[in-house]
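See below for the structure under consideration.
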Amino acid sequence: MSATGAVIEKAPETSAVTYASGEKPMLIGLSREEMGALLREKGVPERQIKMRVAQIWNWLYVRGVSDFDAMTNVARDMRDMLARHFTIARPEIVEEQVSNDGTRKWLLRFPPRGAGRPVEIETVYIPDEGRGTLCVSSQVGCTLTCSFCHTGTQKLVRNLTAEEILSQLLLARDRLGDFPDAETPVGAMVPAEGRKITNVVMMGMGEPLYNFENVKKALLIASDGDGLSLSKRRITLSTSGIVPEIFRTGDEIGVMLAISLHAVRDDLRDILVPINKKYPLKELLDACRAYPGLSNARRITFEYVMLKDINDSLEDAKLLVKLLRGIPAKINLIPFNPWPGTNYQCSDWETIAKFADFINQAGYASPIRTPRGRDILAACGQLKSESERMKKTERLAFEAMMIANHGED
């Protein structure tokens, strides 16, 4: 992996899903209009389309069913037709790991698309007092080659479809007993009251804004009031800085924004986050200042991984405060999570504490993320597919942490 980065190429869009021969189209991830069009093609009378779509939508996103036979208020002949022509099945769980601290990680396998092959991604659930956060992937692999990030060492395979993004949330709610009449696994660490999954962060594998249309579609369905009904203030999209899509994120999706910043000078950020060569700090921060709906109540989160003797000096802290002047913001300080082959080390705790103190005194909230899921490699920048991951015996040597404190409480 080159520390200076490679040519950044945008992954091919996959909004128009093509299916392998014999594979049934998936109803999850479709808009109401798209679902209605498919029903119309299969001979459902026009006068029934709106009602049938509403029924299916409710069963998929409110009741959380994954079998057409469970749709008990839908006529038998209609259920049989749906089962013949479509699917609502969950992805395959290749592996499920549960950390000592309650963090859960799923390795999921999705079927081929068109002439492709099955692909694998990881999804992580982080329980905290009063909240449960699901970290969702948007791509298989990543194209950004951030030099401190383990995920970035896995080549980009393809974008995930809206269905595949949503399926991570549906499957996690299944496994946690977060749908009506479902049971939570015995001994699971989950919020004591309300939903098990209260917050969603687009911080898993991939760069969400290089898969904008599918991410948009999935998040609008996730926040639909007649379905999964997640508050947009509890959904956070994290980007490394794809400037042209930042305004669109606020304008067309309306979720909370997080920026993977990690450096306060262009020369260093060019190395740590190579997309900076295309969209340097000034352009990125100007885009943040113009983010729709930005206010003290809707702040942008800036992620800052702490790298020993690289970006952790008091001078870096001063420049950070200066850069963010005028932007309603909070700054998440992330102790670096080591991985085999990396040349970076985590900053000393005393250094991190001094950095945080300076930022706090300047008026910015700057929480330091505590290690989570250290025994199952569930950390930011460490998610990889099964074929790319470290051996289990290696995982225990590394601290793992997941950013969980995003969105409104």
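Only the coordinates and a few stated rules stand behind these numbers; no lab work does. This one's a predicted model, so the numbers in the text were calculated from it and none came from an experiment. Every residue, glycine as well, gets a Cβ built from its backbone with ideal geometry; the counts of neighbours run over all protein chains shown.
Of note:
- Residue-span extension gain [residue 51 to residue 248] - 0.36 nm each, minus C-alpha spacing: 67.7 nm
- The listed peptides 307-316, 231-240, ordered by packing as a protection proxy, come out as 231-240, 307-316 (highest mean of other Cβ atoms within 10 Å first).
- Taking the inverse of the mean reciprocal distance over all distinct Cα pairs, the Kirkwood hydrodynamic radius of the range 32-85 comes to 11.2 Å.
- Averaged over residues, the count of other Cβ atoms within 10 Å places the peptides 185-197, 92-104 in the sequence 92-104, 185-197, highest first.
- Mean-position separation - Cα centroids, the range 178-204 and the range 300-362, in angstrom: 31 Å
- Taking label positions 7 Å along the Cα-Cβ direction at both residue 117 and residue 345, the computed distance is 4.0 nm, reported to one decimal.
- Relative compactness, the range 211-342, computed as alpha-carbon Rg over 2.2 N^0.38 Å: 1.11
- Ranked 110, 336, 358, criterion: other C-beta atoms within 10 Å, fewest first: 358, 110, 336
- Three-way shape label, the range 92-395, alpha-carbon gyration tensor, a/c 1.5: rounded
- Cβ-based net charge around residue 216, under 9 Å, with every Lys or Arg adding one and every Asp or Glu removing one: 0
- Overall, the anisotropy analysis places the range 48-199 in the oblate class: the square-rooted eigenvalues a ≥ b ≥ c of its C-alpha gyration tensor yield a/c not less than 1.5, with a/b not exceeding b/c.
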